[in-house]
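A short write-up of the structure that comes next.
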Amino acid sequence: RDPLLYAHSVATSALTIRVTMEIVMKADDLARIGGATLAKDLGMTRIPRPQAGKQYLSKQQFHQIRKHPVIGLVLLTHYLGEGIEGMVALRHHMRNGSGYPAWAGLKPSKLIDLIEAVDVFYALISPRSFRPEPFDARGAIDELTQMAEQGQISRDSVRLLVMCLRQDRPDLGQVDLSNERQGFVPRENFYGTG
């Protein structure tokens, strides 16, 4: 129904598996994590899609989209039972309590935090109707680093992602995050501004 959402889910799942291979060794766990990240946006299938080519979402459309994690949680729990699949649906709830759904006292696990970092990274480097061009990889890491500084995601999740993206494959202890913005950031971004 939505080729961009499908591509996003597949790419995020593949990159999540690659990154979690650094911390998870069991093939069964990797398969479950991969399947869960493939289904992470299942709730979006129940949300009306915005008009193609529209530059920004209306406030009503933005609020509708913010409901997709809970819808996904209900669907995944109904079909698969409780487990990682359901928790992945809540990945937009940040460590500092921001994001959505906003549930007081809920802290995402390290794995969910890592999945959110990968999900945000891929969303930033992908074309979107609400910005004229995507971030480059370095710009996306700059954005994730800022999110880590604000307490939305953990620095360790960003460092692990950077380690896996770098060609020289440094040890995790050698990966430092810079607060200096070095990458490309689109000059306009209308996400959530409708």
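With springs connecting C-alpha atoms under 10 Å apart, model the chain as a Gaussian network and identify which of D168, D142, D156 has the largest mean-square fluctuation.
D168
Nearest 500 deg cm²/dmol is fine: what mean residue ellipticity at 222 nm does the chain get from its DSSP H runs of n ≥ 4 alone, each adding -39,500 (n - 2.57), divided by its residue count?
Roughly -15000 deg cm²/dmol at 222 nm, from the helical runs in the chain.
List the aspartates and glutamates whose alpha-carbon lies under 12 Å from that of K67, not counting same-chain residues fewer than 8 positions away?
Correct list for K67: D41.
Pick from V88, V24, V162: which is most flexible by mean-square fluctuation in a GNM of the chain where alpha carbon atoms under 10 Å apart are linked?
Of the options given, V24 has the highest mean-square fluctuation.
May I ask which residue of L172, Q152, A102 lies farthest towards the positive end of the charge dipole of segment 3-174, with charges of +1 (Lys, Arg) and -1 (Asp, Glu) on Cβ and the Cα centre as origin?
The listed residue farthest towards the positive side: A102.
Among (i) 24, 22, 16; (ii) 29, 22, 14; (iii) 43, 23, 17, find the value of semi-axes √(5λ) of the Cα gyration tensor in Å that was calculated from the structure presented, and write down its label.
(i)
Taking the alpha-carbon distance from K107 and a cut-off under 19 Å, which aspartates and glutamates remain once sequence neighbours fewer than 8 residues away in the same chain are dropped?
E82, E85, E116, D119, E149, D156
For a Förster distance of 22 Å, can you work out the FRET efficiency between the beta-carbons of A137 and N96, rounded to the nearest 0.05?
Approximately 0.35, to the nearest 0.05.
Work out the charge dipole of segment 3-174 with +1 on the Cβ of Lys and Arg and -1 on the Cβ of Asp and Glu about the Cα centre, then indicate which of P3, S13, P134 is farthest towards its positive end.
The one lying farthest along the dipole's positive direction is P3.
Amide H to amide H under 5 Å from H93: which residues, 5+ apart in sequence or cross-chain, H placed 1.01 Å off N in plane?
Here Y100 satisfy the definition.
Read-outs: derived from the displayed coordinates by stated rules, not from any lab. Bear in mind the structure is a predicted one, so any value in this text is a computation, not a measurement. Backbone-built Cβ (ideal geometry, glycine too); neighbour counts: all protein chains shown.
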